[in-house]
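The values are calculated or read from the model by the stated rules, or taken from the named source; none is laboratory data. Computed from a prediction, not measured in an experiment: that's the story for all the values here. Counting neighbours? That spans all protein chains shown, and the Cβs are built from the backbone with ideal geometry, glycine included.
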Amino acid sequence: MKHILIAVFVGAALLLGNSSCATVPTEPLGEGELRLLRINVPEHGNLVVNMFYTADISFEADGKPEISRVICYCSGEGPYYYKIRDITYGSPGSFTIDFSAPEAGSQRLECYADYVRDGKRRRTNSVFSHFFGISD
């Protein structure tokens, strides 16, 4: 019975882990604005607890805003602060963060970024993805 439940959870995680969601406004970007589009979690969403993984976050921006950090919540727990790496500007742009699954089971990773616009710190919209934490 335990193996069947694990198989059901892993299957659900695979379906949910392959997609990410965002509440993306449809209006045009303002001058210097940054908008997150999606977050992609690796390993088809099956992550070993306490191992670090690289998540890709795509965005659109007016210009090249300075992104200072990414703030994430994992199933409501957090905030967890991450440095961005490998930023590329374009249409869309992207950057990566290194994160880990904090516990076993189905998880929701929700993230937003802090950036500088008009000399002031601003916050982007949030994007989220689901994954399944697996005990090692």
Q: With respect to residue 114, determine if the residue is of a type in the set (D, E, K, R) and surrounded by 15 or more Cβ atoms within 10 Å (Cβ to Cβ).
A: yes
Q. Within segment 104-130, can you find the residues that are closer than 12 Å to residue 36 by Cβ and assigned to a loop (DSSP other than H, G, I, E, B)?
A. 124, 125, 126
Q) Only one residue in 70, 10 is of a type in the set (A, V, I, L, M, F, W, C), at pLDDT 90 or above and outside any loop (DSSP other than H, G, I, E, B), so which one is that? A) 70
**Q.** Residues satisfying the stated conditions in segment 95-104, i.e. surrounded by 14 or more Cβ atoms within 10 Å (Cβ to Cβ), more than 13 Å from residue 79 (Cα to Cα) and either small (Gly, Ala, Ser) or in contact (Cβ under 8 Å) with a residue 40 or more places away in the chain (or both)
**A.** 96, 97, 100, 101, 104
Q | Flag for residue 29 being under 17 Å from residue 112 (Cα atoms) and surrounded by 15 or more Cβ atoms within 10 Å (Cβ to Cβ) | A | no
